[in-house]
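The values are calculated or read from the model by the stated rules, or taken from the named source; none is laboratory data. Remember, predicted model here, so these are calculated numbers, not experimental data. Positions of Cβ are generated from backbone atoms using ideal geometry, with glycine treated the same way; all protein chains shown enter the neighbour counts. Areas reflect the complete protein model, heavy atoms only, side chains present, ligands, DNA and RNA absent. Shrake-Rupley method; radii C 1.70, N 1.55, O 1.52, S 1.80 Å.
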Amino acid sequence: MQRKLIIIACLFMLPALVFGQRKKKKAKHKTKAVAEATVTRSSNSFRVVPLGVLGGIDESNLSAYMVAPTGSDNYVCLDAGTLHAGIEKAIKEKAFEGRSEKILQQNIKGYCISHGHLDHLAGLIINSPEDSAKNIYGLPSTLETLKKHYFSWESWANFADDGEKPALKKYHYAPLQPGTEVDMANTEMQVTAYPLAHSNLTSTAFLVRSKDNYLLYLGDTGADEIEKSQNLHKLWEAVAPLVAEGKLKAIMIEVSFPSDQPDKTLFGHLTPRLLMNEMGVLAQLAGTTLKGLNVVITHMKPPYRTITKIKTQLNYANRNLQMNLIYPRQGQVLEF
Ligand SMILES: [Zn+2]
Ligand SMILES: [Zn+2]
């Protein structure tokens, strides 16, 4: 009697078991199909790993952005305010695997330094003893500051290949002429520099190219109206055709202060109001809407309540242009 019961129970269970297994298999197939679809759909051109995103105070999180073509391990680092702490954070966030020394030495193939302020190059100086040989790209005036004031044997040992002797020749100074594109060694990318007005000195915008895709990174900059300059206007003229053709995948631009910061204490920086004015000029020159354009907001200055204020003002001011505003976080990958 008992045996009969067991057999009947088994007969009832069998279809349930088989069906369950089938269902599981189906589910597995489904996940795979979804994953494949995502891969095919994404047409990302650049992978950006922010090593530092703030405009001051926190020395473990200052302007530095690694960028490579999607699928490549050959990065260039746009500014180098924070390196080691940023790479460690990026490893924690699973942006990279392995040891931070290896990322520094093998994955960063060169630096593009926008200007000589410490918050854009402190990481490069401090990490130089551990670093490998590579190029430092910049306008001649920026490289001159590095030569004279940092790799000078007075501030630090001269790890570069020019300037105060003896030159240890780990880094090669690669001067950029405004508007002239050059290949970046050991990467699949090219760069063109454009000068920016930043209070008493010249800063730089780097237009990075990978095949037919572009990414524009601006170092610190004031607005043309405040700086009595044409530099941003000229930059917008240069990139307007790329915006019109959809080839400019992202603009990375600073907003350091809230809109109520008095003009005389801007020190060559932008506010939400000034950024939107400039983006309006770009839209006009491109003859197209900037709706959905990726705009990464860099260099916001602490304290955090000020940063919150800047974000609120930006989000509100963006209701007309409807750009895709992105607030980068240290170590968290961005893909464009
Ligand atoms: Zn600066
Ligand atoms: Zn700065």
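A compact globular protein would have a Cα radius of gyration near 2.2 N^0.38 Å; the ratio found for the range 86-220 is 1.06. Since only S155, I87, A174 are under comparison, the one whose Cα sits farthest along the positive direction of the charge dipole of the range 86-175, derived from C-beta charges on Lys, Arg, Asp and Glu, is I87.
To test your reading of the geometry: what angle, between 0 and 90 degrees and rounded to tens, separates the Cα axis of helix 304-317 from the longest principal axis of the chain? Relative to the chain, helix 304-317 is tipped by roughly 80 degrees. For the range 187-336, the equivalent ellipsoid built from the Cα gyration tensor has semi-axes of 22, 18, 16 Å, listed from largest to smallest. For the range 105-250, carbon and sulfur atoms together expose 49% of the accessible surface, with a 1.4 angstrom probe and every protein chain in place.
Compute the long axis of helix 272-286 from its Cα atoms, compare it with the longest principal axis of the Cα atoms of the chain, and write down the angle in degrees, 0 to 90, nearest 10. That helix lies at roughly 90 degrees to the long axis.
Coupling constants for the range 293-303 follow from the phi torsions by the Karplus curve (6.51 cos²θ - 1.76 cosθ + 1.60, θ = phi - 60°), and in residue order they are 5, 6, 10, 8, 8, 10, 6, 5, 8, x, x Hz; glycine and proline get x. When the alpha-carbon atoms of the range 222-280 are used, the pair Rg, Dmax equals 12.4, 38 angstrom. Entry comment: accessible area of the range 234-298 is 38 Å² per residue, from protein heavy atoms only and a probe of 1.4 Å. About its Cα centre, the dipole of the chain is roughly 2760 debye, where the only charges are +1 on Lys and Arg Cβ and -1 on Asp and Glu Cβ.
Output the relative contact order of the range 70-115, whole-number percent, from Cα pairs under 8 angstrom with separation of 6+ residues.
Normalised by residue count, the contact order of the range 70-115 is 59 percent.
Restricting attention to the range 205-321, close to 45% of DSSP beta bridges with both partner residues there are antiparallel. With 30 Å as the cut-off, how large is the P(r) tail for the chain, expressed as percent of Cα-Cα pairs? Result for the distance tail: 39 percent. The modelled label-to-label distance for the pair R99/A133, using points 7 Å beyond Cα in the direction of Cβ, is 2.2 nm.
Only beta bridges with both residues in the chain are counted; by DSSP, about 55 percent of them are antiparallel. Loop-located trypsin sites (Lys or Arg not before Pro) across the range 102-204 with a Cβ neighbour count of 12 or fewer within 10 Å are K169, with loop assigned by DSSP.
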